[in-house]
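Note sheet for the following structure.
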Amino acid sequence: MSELSSVKVSISPREKFREYLATKGKRLTQERQIIVDEVFSSHEHFDAEQLTERLGNRDDERRVSRATVYRAITDMKDAGLLRKVARANDRDVWEHDYGYPKHDHLICTDCGSLTEFHNTGFSEIIQKIADENHFRMSGHRLEVYGLCDNCSRPPKSRPSKLDLL
């Protein structure tokens, strides 16, 4: 699977977030700015606890509370910056929804790994189905569940029958 490239956007995620917050009567505080900058510093799937941990491991002294992280994630979702991908280990997993091409996911039900893919043929099939059903499609989202290559391999050694007693 090839890695997906970014999409050109007119304004930075930070500015888009600032504009959204202004429409809600909120401001882009230093803490929110730290969070949005950290989230968009790389394209990785993450949950709120992982983001809180990443922010806690920063070398500078600017700390962000766990509650602020959770509220900021919700605001970033509402602003169109993030989307929920899946639920793994009873946690919501998030990814960029701004500046990144539309794509789908293969999700391992054993280890929770996420593999991104984009297939234009698949998108065309979905559009054809929508057209045949007189359905005005605004987008699609596909999450395929199963076992990744690593988790579907047989064990390297089998336990001895005596160990099973």
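The values are calculated or read from the model by the stated rules, or taken from the named source; none is laboratory data. Everything numeric in this text was worked out from a predicted model, so none of it was measured. Every residue, glycine as well, gets a Cβ built from its backbone with ideal geometry; the counts of neighbours run over all protein chains shown.
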Looking at (1) modelled with pLDDT under 85; (2) surrounded by fewer than 11 Cβ atoms within 10 Å (Cβ to Cβ), which one does residue 43 not meet, given that it meets all the others?
(2)
So which strands (runs of 3 or more DSSP E) stay within the range 70-162 end to end and still have 1 or more residues that are surrounded by 14 or more Cβ atoms within 10 Å (Cβ to Cβ) and in contact (Cβ under 8 Å) with a residue 12 or more places away in the chain?
82-88, 91-96, 104-108, 114-117
Could you identify the single residue in 105, 134 that is at positive phi and either at pLDDT 85 or above or in the same structural domain as residue 86 (by TED's automatic domain parsing) (or both)?
134
Which of (1) assigned by TED's automatic domain parsing to the domain that holds residue 34; (2) more than 15 Å from the chain's Cα centre (by Cα); (3) surrounded by 12 or more Cβ atoms within 10 Å (Cβ to Cβ) is the odd one out, the single condition residue 67 does not satisfy?
(3)
Filter the range 94-118 down to the residues that are under 26 Å from residue 150 (Cβ atoms) and in contact with a helix residue (DSSP H, G or I) (Cβ under 9 Å, 6 or more places away or on another chain) and list them by number.
94, 96, 104, 108, 109, 110, 111, 113
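Answer yes or no as to whether residue 59 is surrounded by fewer than 12 Cβ atoms within 10 Å (Cβ to Cβ) and either under 30 Å from residue 19 (Cβ atoms) or at pLDDT below 85 (or both).
Numbers: surrounded by fewer than 12 Cβ atoms within 10 Å (Cβ to Cβ): yes; either under 30 Å from residue 19 (Cβ atoms) or at pLDDT below 85 (or both): yes.
Yes; evaluated as a whole, the condition is true for this residue.
Quick one: which of 97, 104 is under 15 Å from the mean Cα position of the chain (by Cα) and under 28 Å from residue 152 (Cβ atoms)? So that I can check it myself, show each step before the final result.
Numbers: 97 fails: under 28 Å from residue 152 (Cβ atoms).
Result of the check over 97, 104: 104.
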